[in-house]
Amino acid sequence: MGLRSRPRLVASLSAFAVLALAAHGAAWRAPAGPPPQAPQTPRVGTPASKPQVRPNGQAVAVDPSIIVVDDGDTVVIRWPGGDVETVRILGIDSPETRHDEHNIPFDQPFGLEARAYAQGAFATATTVELVRASMLDPYERTLGYLILNGKNYSTLIVKARLAEESVTHYGDNGLPKQAAEVLAAAKAAGPLPFEPPYVFRKRMRILSESQKAAPGEPHP
């Protein structure tokens with residue numbers, strides 16, 4: 001893809017998100033369902049997960065204006081009163097964007113496009129609801145689904161082929177209805193145009209560590 005065409009593609013993906021949310025869905029509420037389940041045990045060397053202290057297992061209304069998109073699968077909610085909540089969106093893993101603080105020194109292909117899609121989706125949402133799982137992730141981020149205008153955001157970005165489903169690896173986190181929606185969307189979407197984000201993250205962390213160990217030396 002030429003450099004001049006890339007900004008147009010990113011803008012087009014943001015516009016695509018607008019069209020996907022144009023049809024306002026009916027009001028949605030999370031079902032009672034079975035008791036929430038803990039996420040998969042984290043890898044050795046990562047902190048243990050902690051229980052979610054905020055309301056969970058039910059839909060909580062969020063003012064769209066207080067949501068800031070970090071990338072395709074992470075947003076920050078700046079609640080009134082100074083409470084800042086980072087939400088790792090359940091059911092999906094989108095291509096990475098550069099985060100030096102997390103040892104990811106480069107954007108993954110399609111990472112910027114996934115972020116643009118998320119920005120478009122949240123910018124045009126008139127109603128947003130957050131359904132939290134009962135546990136935080138190992139980095140103390142909220143795990144939850146975000147419902148935009150009655151639509152499960154995770155299914156929208158999977159259908160756009162800008163995120164892979166993560167339900168198969170991590171389970172439903174006690175939210176089986178939303179997880180099933182993501183699996184169905186992934187089956188319909190077919191093969192993805194990017195390498196699995198977890199593979200990219202592993203490569204970037206190895207590269208980042210090698211750069212720290214030998215500063216000034218060229219790296220591929």
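Observations, loosely collected:
- One residue stands out in segment 155-204 among those that are in a loop (DSSP other than H, G, I, E, B) and among the small types (Gly, Ala, Ser): the one that is modelled with the lowest pLDDT, namely GLY190.
- Which numbered condition PRO42 fails, given (1) in a loop (DSSP other than H, G, I, E, B); (2) modelled with pLDDT of 55 or more: (2)
- Listed conditions (1) under 29 Å from VAL199 (Cβ atoms); (2) open to solvent by 30 Å² or more (accessible area, probe 1.4 Å); (3) assigned to a loop (DSSP other than H, G, I, E, B) are all met by THR126, apart from (1).
- Pair list, Cβ < 9 Å and 6+ apart or interchain, from segment 63-76 residues that are among the hydroxyl-bearing types (Ser, Thr, Tyr) to residues that are assigned to a loop (DSSP other than H, G, I, E, B): THR74/SER94; THR74/ARG141
- Looking across ALA179, ALA185, ALA214, one residue alone is open to solvent by less than 80 Å² (accessible area, probe 1.4 Å), within 18 Å of LEU90 (Cα to Cα), hydrophobic (A, V, I, L, M, F, W, C) and free of Cβ contacts under 8 Å to residues at least 60 places away in the same chain. It is ALA185.
- Of all residues in segment 153-171, those being open to solvent by 10 Å² or more (accessible area, probe 1.4 Å), of a type outside the set (Ser, Thr, Tyr) and touching a residue at least 60 places away in the same chain (Cβ under 8 Å) number 8.
- Residue in segment 136-152 that is farther than 25 Å from GLY57 by Cα, surrounded by fewer than 19 Cβ atoms within 10 Å (Cβ to Cβ), in contact (Cβ under 8 Å) with a residue 12 or more places away in the chain and not small (Gly, Ala, Ser) present: no
The values are calculated or read from the model by the stated rules, or taken from the named source; none is laboratory data. In this text the structure is predicted, and so the values were computed from the model without any measurement. Virtual Cβ from ideal backbone geometry, glycine too; neighbours counted across all protein chains shown. What goes into the accessible areas is simple: the full protein's heavy atoms, side chains included, and nothing from ligands, DNA or RNA. Shrake-Rupley method; radii C 1.70, N 1.55, O 1.52, S 1.80 Å.
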